[in-house]
1. I'd like to check one number: the per residue accessible area of the chain, probe 1.4 Å, reported in Å² as a whole number.
2. Need the full-extension length gain, THR38 to PHE18, defined as separation in residues times 0.36 nm minus the C-alpha distance. One decimal, nm.
3. Ratio of Rg to Rh for region 51-116, alpha carbon only, Kirkwood?
4. With θ taken as phi - 60° and the coefficients 6.51, -1.76 and 1.60, list the Karplus ³J(HN,Hα) couplings across region 56-73 in order, rounded to whole Hz; mark glycine and proline as x.
5. Can you work out ³J(HN,Hα) from phi for every residue in region 31-45, in order, using Karplus 6.51 cos²θ - 1.76 cosθ + 1.60 and θ = phi - 60°, giving whole Hz and x for Gly and Pro?
6. Report ³J(HN,Hα) in whole Hz for each residue of region 136-147, in order, from the Karplus equation J = 6.51 cos²θ - 1.76 cosθ + 1.60 where θ = phi - 60°; Gly and Pro get x.
7. Let me test this: with uniform point scatterers at the alpha carbons of region 1-126, what is the Debye-based log₁₀ I(q)/I(0) at q = 0.12, 0.15, 0.21 1/Å?
8. Take each of the peptides 129-135, 9-15, average the number of other beta-carbon atoms within 10 Å over its residues, and list them starting from the highest.
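The values are calculated or read from the model by the stated rules, or taken from the named source; none is laboratory data. Keep in mind it's a predicted model, so treat the numbers as computed, not measured. Here the Cβ is made from the backbone with ideal geometry for all residues, glycine too, and neighbour counts use every protein chain on show. We work out accessible area using only protein heavy atoms, side chains counted, and drop any ligands, DNA or RNA first. Shrake-Rupley method; radii C 1.70, N 1.55, O 1.52, S 1.80 Å.
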Amino acid sequence: VGNREYLTDVFGKEACQFIDKHQSKPFFLYLTFNAVHTPMQADDARLKKFDSISDKKRRTYAAMMLAMDDAVGKVIATLQEKKLIEHTVIAFISDNGGPVMNGTSINGSNNAPLRGSKRTTLEGGIRVPYLLAWPGHIPANTVDSRPVIQIDLYPTLLVTAGVTIP
């Protein structure tokens, strides 16, 4: 409240401050960005980087995605700086495919070559990024094409943290 900074940048900065504050003991950080959801807003500096995109909504989408990428990069850099990266499981998950059909808040997404949209069970609505990183434990560039759902993450994290699941 009262903060006039770009929200995605604020989320990234707050996450880095959280890591700094809690670095001496185990912690759980749940960082959810509003980007690239509506409202479609981006700062001028990032919009300028995408001047070549003529569609204003798509250009804003790209700038918002860059802002989120920048913030995630700062969080990872903070984990590396604090020497926590090999002790940290990082999950990057999207909640749904891009909204590309009438009746959704169209935001400049493009689900091609997949059919479907947010709010559908077609591939464009349900196939989303689900990335896990745990340096030193999960080999880099490992691909597993078996279906997975977000709730699968919770028992995985519990076991990773040494919690016995009844």
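1. Per residue, the chain has an accessible area of 70 Å².
2. Between THR38 and PHE18, full extension yields an extra 4.6 nm.
3. 1.11
4. Values per residue, Gly and Pro as x: 4, 5, 5, 4, 5, 4, 4, 5, 5, 5, 4, 4, 5, 4, 4, 5, 4, x Hz.
5. Here the 3J(HN,Hα) series is 10, 10, 8, 7, 5, 10, 7, 6, x, 7, 9, 9, 7, 4, 4 Hz.
6. Per-residue couplings from phi come out as x, 10, 9, x, 4, 6, 7, 10, 10, 8, 5, x Hz.
7. So the normalised log intensities are -0.55, -0.81, -1.17.
8. 9-15, 129-135
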